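Shown next, in structure tokens, is the structure this report addresses.
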Amino acid sequence: MFWFDEKFLEQLLKKDSKYFNEFYLKTIDIFYRYLKSNYYISDADAQDIISDFYLKVWNGLSSYKIFYSFEAWIRTIFKNLLKDYFKKSKELNFSQLSKEEESAFEDTLCSDDDILKFLESKSQFENIQAVIWKLDEISKEIVFLKFVEEKTNKEISKMLKINEEVIRQRLSRAIKKIKSRLSS
């Protein structure tokens, strides 16, 4: 997912705001894209989750032990925060909507073409997502790093500690599996 050297981590653990800001800038897109590509949540909710995440990281830096994997520690905080979010979030019942939130029925109507385009694109996205989730864990991670985080094969190789040729092969096989499963 991301990599920080030992010197950087030491400064981060000292709660140096310059290093925390750098950590934030290097990781914000990763976490935000992950939320938006894997969950159907609003931008506002995604931003709330992200801000809670960085607050938890900042507050938890004093308890982090340098001999633990920083990436695993960060992922654990993020996953736990997501679990908490989905435990707390509830769908509103129709009767709970206030008058201000309701709009005229005519304002909510879409043309048939708009509906068909939306359903086709949503269906395609869901099909691709379902096929990707059926890949093995390493292939999923490689696909995510390559296409969501837009990493190069060399960067992925360093992050996952896998030979660059193996990354290329796994990516090629994953794309072939995705294409074949989508065409059938």
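The values are calculated or read from the model by the stated rules, or taken from the named source; none is laboratory data. All figures in this text were calculated on a predicted structure; none of them were measured in a lab. Here Cβ is always computed from backbone atoms with ideal geometry, including for glycine, and neighbour counts include all displayed protein chains.
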- So which of Lys56, Lys83 ends up being loosely packed, with under 11 Cβ neighbours inside 10 Å, modelled with pLDDT of 80 or more, assigned by TED's automatic domain parsing to the domain that holds Tyr34 and not hydroxyl-bearing (Ser, Thr, Tyr)? Lys83
- Identify all residues within segment 4-48 that are surrounded by 15 or more Cβ atoms within 10 Å (Cβ to Cβ) and among the polar types (S, T, N, Q); write none if there are none. Gln11, Thr27
- Go through (1) at pLDDT 85 or above; (2) farther than 27 Å from Trp133 by Cβ; (3) exposed (fewer than 13 other Cβ atoms within 10 Å of the Cβ) and name the single condition Leu92 misses. (1)
